[in-house]
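Working notes for the structure below.
Laboratory data are not the source of any read-out in this text; all were calculated from the coordinates shown. This one's a predicted model, so the numbers in the text were calculated from it and none came from an experiment. Counting neighbours? That spans all protein chains shown, and the Cβs are built from the backbone with ideal geometry, glycine included.
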Amino acid sequence: MKLALACLITFGSLHAWPQEKIQWHDVTQWGVEGRGWGDQGRARWFDRFPAKAEEAVTPAVWNLSRHSAGMMVRFKTDATEIHARWKLMSARLGMPHMPPSGVSGLDLYARDGQGQWRWAAATRPSKQDMQAALLRGIAPGQREYAVYLPLYNGTESLSIGIPAGAKFEGLAPRKAKPLVFYGTSITHGACASRPGITHPAILGRRFNRPVINIGFSGNGRMHEAVGKLMAEVDAACYIIDCLPNMNAAMVTERCVPLVKLLRKARPETPIVLVEDRRFANSWLTPVKSKFHDDNHAALRKAYEQLRAAGVPRLHYLGGDKLLGNDTEGTTDASHPNDLGFLRQADAFEPVLRTALNLK
């Protein structure tokens, strides 16, 4: 027993990392992407909506808007290790169908020598007040990095740490128009294993654009109040993906008014209407299959009505193949796993390229 303990101590000491003095950089000093509505006042700095939204949207939407889903902070450093400390709003770090790494964790990406974003590290949060080394042993050289914030928890504070003496530059949010995603728990990020693997995050990297994520678990229902807030954002594209939280009657009632509201405020901004994905087991459950059929038909009818009325720059994405056709793209039949999110990004990309007039 003593020999085993001695061996364990020796092994640990041989692989221990040297303790270096860490310099901390508060990300609020240069800003995060995904935090729209400019300098409008916030109830809390990392809230997705400005404070005025509390009186306009439903209580459920307001509470969910306090999650930091879709937010991302960029910086440059030549450090050979990167640390983070962050404080979370809720002690609920994970969910039965979604791990703490996605609900409450951080996700680190870096640009490679060709300028492409590549994954680098994720975290395993175990308490509300966290400090962790994101990555050690980084190859020498200055790079651009991005850290994605927690999806299903609120962020109270976030600082990036590097060893004393390393170069560091916080990168202000890009001024390019953002992709604005309005949707349900799927847009919100359920059930990604980490924040950077959701389809809005993937598409943000592919199009090299900021993303504003206004997905609300169980509450993406084409609300007029949310539409009015969206219209304040000068977006590259509005993506409306609310059908999983709606039935056909709701779609018929709300889709056309929402699109007209956005089009009146932003005549030139493309709008993409997205059908809901099919439950992975809907092939075996006729009631679910009919639900999807009815929803899709209602959205298609609204789309055709809008086109007939001359509404320009309107695009449509079918839902049948969003998660693939092998039933392996979900965690629980409804919410995508990481494979499902990648497939969704692949399905969204060509439609967005057309909407954005990109080749």
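How many percent of all Cα-Cα pairs in the range 179-355 sit more than 25 Å apart?
26
Tell me, in nm to one decimal, what length is gained between E169 and D129 on full extension, where the rule is 0.36 nm per residue of separation less the Cα-Cα distance?
Length difference between fully extended and current span is 11.9 nm.
Calculate the spin-label point distance for E328 paired with D293, positioning each point 7 Å from the Cα along the beta-carbon direction, and give it in nanometres.
2.9
Note down the net charge around A235, summing +1 for each Lys or Arg and -1 for each Asp or Glu among other residues with Cβ under 9 Å from its Cβ.
It works out to a net charge of +1.
Calculate the spin-label point distance for K228 paired with T58, positioning each point 7 Å from the Cα along the beta-carbon direction, and give it in nanometres.
Roughly 1.7 nm, to one decimal.
Mind checking which helices in the chain clear 15 Å along their axis (Cα) and have mean Kyte-Doolittle hydropathy of -0.5 or more, DSSP H runs only?
Answer set is 2-14, 248-265, 338-355.
Calculate, for L261 and R206, the FRET efficiency according to 1/(1 + (r/R0)^6) with r their C-beta to C-beta distance and R0 25 Å; round to the nearest 0.05.
My answer for the efficiency is 0.30.
For the range 38-155, count the residues as N, evaluate 2.2 N^0.38 Å, and divide the Cα radius of gyration by that value, please.
Dividing the Cα radius of gyration by 2.2 N^0.38 Å gives 1.18.
Restricting to DSSP H runs of at least four residues, report the calculated mean residue ellipticity at 222 nm for the chain, -39500 (n - 2.57) per run over all residues, nearest 500 deg cm²/dmol.
It lands at -9000 deg cm²/dmol.
On the first, second and third principal axes, largest extent first, how far apart are the outermost C-alpha atoms of the chain in Å?
Reported extents, whole Å, longest axis first: 75, 46, 42.
Using the count of nearby Cβ atoms within 10 Å as a rough guide to exposure, how do Y303, Y316 rank from fewest to most?
Ordered by Cβ neighbours within 10 Å, fewest first: Y316, Y303.
Which number do you get for Rg(Cα) / (2.2 N^0.38 Å) in the range 268-343?
Scaled against compact globular proteins, the figure is 1.25.
Which of the peptides 32-41, 123-132, 64-73 is most tightly packed, and how do the rest follow, going by the mean number of other Cβ atoms within 10 Å of each residue?
Result, highest mean Cβ count within 10 Å first: 64-73, 32-41, 123-132.
Determine the sum of side-chain charges near I271: Lys and Arg each +1, Asp and Glu each -1, restricted to other residues whose C-beta is under 9 angstrom from that of I271.
+3
According to the square roots a ≥ b ≥ c of the eigenvalues of the Cα gyration tensor, what is the shape class of the range 200-283, taking rounded for a/c under 1.5, prolate for a/b larger than b/c otherwise, and oblate for the remainder?
In terms of gyration-tensor shape, oblate.
Which part of the range 67-100 falls in the paramagnetic zone of W30, meaning amide N under 17 Å from the point 7 Å along Cα-to-beta-carbon?
Under 17 Å, as judged by backbone N against the label point of W30, lie 72-85 of the range 67-100.
log₁₀ I(q)/I(0) of the range 106-265 at q = 0.10, 0.20 Å⁻¹, via Debye over equal Cα point scatterers, no solvent, to two decimals?
For the requested q values the scattering log ratios are -0.46, -1.35.
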